[in-house]
């Protein structure tokens with residue numbers, strides 16, 4: 001039985017991942033700003049804004065074991081650079097980069113005592129495709145991807161691997177405000193012209209967290225057939 | 001925790017993990033022992049282990065929000081790892 005720490009478990013991908021790994025018999029620790037939407041004996045919920053680093057640290061001080069960290073929580077902003085609100089980039093960097101970085105830092109300290117661990121950052125193929133109209137989002141996710149690479153180099157010596165999964169289009173709240181025409185344009189440009197399902201992400205997480213995947217670190221696996 | 005208690009905690013950790021930390025058997029661990037850098041007893045990897053472990057142990061003593069990392073902590077001239085005593089003083093100051 002593994003212990004998963006997953007951010008953004010109140011809805012969307014984080015919620016689906018938490019439910020799946022609970023159904024597989026694992027323990028799940030979840031973070032979200034809202035109260036728990038999961039009621040399970042092996043689920044522990046922290047109601048916290050993960051950009052509040054002091055709060056995150058207080059929560060983690062009560063956690064003794066983490067095998068897998070999935071940085072799933074994130075925010076998107078589908079705006080032209082010219083129409084982006086002042087301060088929006090800072091907010092996005094806090095949630096999409098600073099918070100995951102801090103969670104990696106503090107969770108890795110827990111994993112070090114076990115001399116093994118798996119960290120997975122959820123990113124997007126938008127960085128590889130350099131989609132227009134998403135500059136702040138892409139900048140923040142590109143930073144997260146670089147964080148994966150640098151963290152993988154620093155943490156491998158402690159038995160910890162760090163990888164990224166690049167999502168193509170997935171039906172979550174993140175893209176609910178994107179016009180249908182734009183969605184269709186993106187889909188038509190993908191090799192795999194289908195929506196990503198939670199099971200597609202679970203498939204990659206299972207691969208990355210397998211004991212036999214110790215050689216896989218600092219990598220990004222894109223869904224949708226998108227090359228980096 | 002005061003500086004004396006922290007010094008004792010650090011020495012105990014180093015003593016218990018001599019083999020793992022690659023500390024030579026003939027090295028006497030005193031409060032003046034240099035931890036890292038010129039004449040230091042630890043390499044960079046084992047220094048990380050020490051910092052993380054000491055931070056964890058002090059957090060468990062009732063300081064759950066302790067963060068030992070500070071940009072200044074790793075500057076060459078003000079390194080808190082010059083000796084066990086200096087590292088302990090650095091930690092006790094962060095507890096205040």
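Read the figures in this text as sums done on the coordinates, not as results from a lab. These numbers come from a predicted model, not from an experiment. Using ideal geometry, Cβ is built from the backbone for each residue, glycine included, and neighbour counts are taken over all protein chains shown.
Largest first, the three principal axis extents of the alpha carbons in the protein assembly as shown are 71, 45, 36 Å in whole numbers.
Peptide B:59-67 shows a mean partner chain C-beta count of 3 within 10 Å per residue C-beta.
Distance between the pseudo-spin-label points of residue A:79 and residue A:64 (7 Å out from Cα toward the beta carbon): 4.6 nm. Ellipsoid fit via the Cα gyration tensor, region A:1-152: semi-axes of 27, 16, 14 Å, each the root of five times an eigenvalue, largest first.
Using the Cβ-Cβ distance between residue A:227 and residue A:114 with R0 set to 30 Å, the FRET efficiency from 1/(1 + (r/R0)^6) comes to roughly 0.30.
For the segment A:200-210, counting C-beta atoms of other chains within 10 Å of every residue's C-beta and taking the mean gives 0. Peptide A:112-118 has a mean of 1 when you count, residue by residue, the C-beta atoms of other protein chains within 10 Å of its C-beta. Put simply, when A:13-23, A:190-200 are sorted by average Cβ atoms within 10 angstrom per residue, most first, you get A:13-23, A:190-200. Here the ratio of the Cα radius of gyration of region A:109-218 to 2.2 N^0.38 Å is 1.20. Which translational diffusion coefficient, to the nearest whole µm²/s, is obtained for region A:38-78 from the Stokes-Einstein equation, given a Kirkwood hydrodynamic radius over C-alpha pairs, 10 °C and 1.306 mPa s? Estimated diffusion coefficient is 128 µm²/s. A quarter of the convex hull surface defined by the alpha-carbon atoms of chain B gives 5.7 nm² as the mean projection. Once the Cα atoms are used to define both axes, helix A:198-209 deviates from the longest principal axis of chain A by about 50 degrees.
For region A:148-195, what is Rg from Cα atoms divided by 2.2 N^0.38 Å, rounded to two decimals? That works out to 1.70 for region A:148-195.
Note on residue A:40 and residue B:45: their simple-model spin labels are 3.6 nm apart, each label 7 Å out from Cα toward Cβ. Show that you can apply the helix-only estimate: for the protein assembly as shown, add -39,500 (n - 2.57) for every DSSP H stretch of four or more residues, divide by all residues, and state [θ] at 222 nm to the nearest 500. Counting only the DSSP helices, I get -12500 deg cm²/dmol. Between helix B:84-95 and chain B, what is the angle of the helix's C-alpha long axis to the longest principal axis, kept within 0 to 90° and rounded to the nearest 10? With both axes taken from Cα atoms, the answer is about 10 degrees. The angle separating the long axis of helix A:12-23 from the principal Cα axis of greatest extent in chain A is about 30 degrees.
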